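Coordinate-derived values only; no laboratory data. Because the structure is predicted, anything quoted here is derived from the model rather than measured. All Cβ positions, glycine included, derive from the backbone under ideal geometry; neighbour counts span all protein chains shown.
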Amino acid sequence: MKPGQRIVLPETPEGSLLDLIETAKGNVRAKVEPRFRIAKCRFGFRKVFYRGIRKKDLKLKLLFALANLSMARQRLPEPA
């Protein structure tokens, strides 16, 4: 939902429920978006082609696993 539409939600139980749903979606996006940025920028996947979808699916799963490892490695302290 666009921010302008979210501001004008009515002060009813339905409006507060919609606001909670949008907050939950935003929380999920905040956790997922960095992995997509790493897969796109670091591994060079700016465009997606849909031929050979099974092979591409496996390749993307591998890339996201590598992105998760890359992010985990950045958080670890260096060994002494």
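Only Lys, Arg, Asp and Glu count, each charged at its Cβ (+1, +1, -1, -1), so figure out the dipole size of the chain about its Cα centre, rounded to 20 debye.
920
Tell me the net charge near G15. Cut-off is 12 Å between Cβ atoms, G15 excluded, with +1 for each Lys or Arg and -1 for each Asp or Glu.
Value of the local net charge: -3.
Please compare each pair in K2/K40; K2/K59; K25/K59; K40/K61 to a cut-off of 22 Å on the Cα-Cα distance and tell me which ones are over it.
Checking Cα-Cα distances, K2/K40; K2/K59; K25/K59 exceed 22 Å.
Angle between the Cα long axis of helix 53-75 and the longest principal axis of the chain, 0 to 90 degrees, nearest 10?
Between the helix axis and the principal axis of the chain, the angle is about 90 degrees.
On alpha-carbon atoms, Rg over Rh for the chain using Kirkwood Rh?
Across the chain, the Cα-based Rg/Rh ratio is 1.17.
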